[in-house]
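Okay, so here's the structure we're looking at.
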Amino acid sequence: MDLRPPTVRRLLEHLERLPGVGPRTAQRLAEHLLTVPPDDLEAFAESLRALNQTVTLCPECCLLTEEVPCAVCADPGRDRSLILVVEEPTTAWSVESTGEYHGLYHALLGHLSPLHGVGPDDLSIDRLEERCRSGDVAEVILATDPTVEGETTALYIARRLQPLEVSLSRPASGIPVGGEVATVDRVTLAQALQLRRTV
Ligand SMILES: [Zn+2]
């Protein structure tokens, strides 16, 4: 007999779809949520509801934002000759937390993965190329993850941007092979960005 009330069962189904959450963790999270004070639970529910209503992608750089353009694109103090290309918008949060980067960003919204049917048109590469054609951009730092897919994506973009007058670089080593840019500690990340190498 399934003793789980239908509402709790639906919650468990949603929790189990989250990355890294299996049935046991989902059950622990549900147990916890059932003890949370009503106001906190309502605030939590509201933040979930607001996700698809107020958060959008910056039409310029594809970072997550509630203002258009995003805070980086709108900031006159940023170096507009430099674009740091990352796979996911959230990686920019890690880079920004180093306090060492003052250029613009471009989130690809993933990486090339022929096996999973992800081609160039599924990423924001056209938009990146357009930005590079605008004339203000002097350097593009390809900070895709040092995985096979990330390297393939960086190579593809480098080929696409080659005819344009922008210099292309990759962050220096320090980001472990197979790792993710977003998970590297601040000092290493800041160093990797400073000591970049030309592609
Ligand atoms: Zn932006």
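The values are calculated or read from the model by the stated rules, or taken from the named source; none is laboratory data. The structure presented is a predicted model; accordingly, all values stated were derived computationally and were not measured. Here the Cβ positions follow ideal geometry from the backbone for every residue, glycine too, while neighbour counts run over all protein chains shown. Ligands, DNA and RNA are stripped out before the accessible areas are found, and what is left, the full protein with its side chains, is counted by its heavy atoms. Shrake-Rupley method; radii C 1.70, N 1.55, O 1.52, S 1.80 Å.
Looking at this structure, is Glu60 within 13 Å of the ligand (Cβ to nearest atom), under 22 Å from His111 (Cα atoms), assigned to a loop (DSSP other than H, G, I, E, B) and among the charged types (D, E, K, R)?
Here the answer is yes, as Glu60 does meet what is asked.
Just one of (1) of a type outside the set (A, V, I, L, M); (2) under 20 Å from Leu195 (Cα atoms); (3) part of a helix (DSSP H, G or I); (4) open to solvent by 60 Å² or more (accessible area, probe 1.4 Å) trips up Glu100, so point out which.
Every listed condition holds for Glu100 apart from (3).
Of the residues in the stretch 63-80, how many are assigned to a loop (DSSP other than H, G, I, E, B) and within 12 Å of Ala107 (Cβ to Cβ)? Please lay out each step first, then the result.
The first filter runs over the stretch 63-80 and keeps only residues assigned to a loop (DSSP other than H, G, I, E, B), leaving 63, 66-70, 75-78.
The next check asks that each one be within 12 Å of Ala107 (Cβ to Cβ); those that pass are 63, 70.
Result for the stretch 63-80: 2.
Of the residues Pro176, Pro171, which single one is at pLDDT below 95 and open to solvent by 20 Å² or more (accessible area, probe 1.4 Å)?
The unique qualifying residue is Pro176.
Looking for whichever is part of a helix (DSSP H, G or I), free of Cβ contacts under 8 Å to residues at least 12 places away in the same chain and not acidic (Asp, Glu) here; the options are Leu128, Leu115. Which one fits?
It is Leu115.
If you check Val68, Val72, which single one turns out to be within 19 Å of the chain's Cα centre (by Cα) and buried (at least 16 other Cβ atoms within 10 Å of the Cβ)?
Val72
Please count how many residues of the stretch 83-97 are surrounded by fewer than 20 Cβ atoms within 10 Å (Cβ to Cβ) and of a type in the set (A, V, I, L, M, F, W, C).
1
With the checklist (1) under 21 Å from Glu151 (Cβ atoms); (2) within 12 Å of the ligand (Cβ to nearest atom); (3) aliphatic (A, V, I, L, M) in hand, flag the one item Leu123 doesn't pass.
The single condition Leu123 does not satisfy is (2).
For Ala43, are the conditions met, namely being within 13 Å of the ligand (Cβ to nearest atom), modelled with pLDDT of 95 or more and not in a loop (DSSP other than H, G, I, E, B)? Before the answer, list the steps.
Working: within 13 Å of the ligand (Cβ to nearest atom): no; modelled with pLDDT of 95 or more: yes; not in a loop (DSSP other than H, G, I, E, B): yes.
For Ala43, the condition - within 13 Å of the ligand (Cβ to nearest atom), modelled with pLDDT of 95 or more and not in a loop (DSSP other than H, G, I, E, B) - is not met.
Look through Val86, Val95, Val72 and report the one residue that is more than 13 Å from the ligand (Cβ to nearest atom) and either modelled with pLDDT of 95 or more or within 22 Å of Asp145 (Cβ to Cβ) (or both).
Val95
Within the stretch 105-129, count every residue that is aliphatic (A, V, I, L, M) and open to solvent by less than 10 Å² (accessible area, probe 1.4 Å).
The total comes to 4.
Please identify the pairs in which a residue from the stretch 142-155 that is of a type in the set (Ser, Thr, Tyr) has its Cβ atom under 7 Å from the Cβ atom of a residue that is assigned to a helix (DSSP H, G or I), counting only partners at least 6 apart or on another chain.
Thr144/Gly150; Thr144/Thr153; Thr144/Ala154
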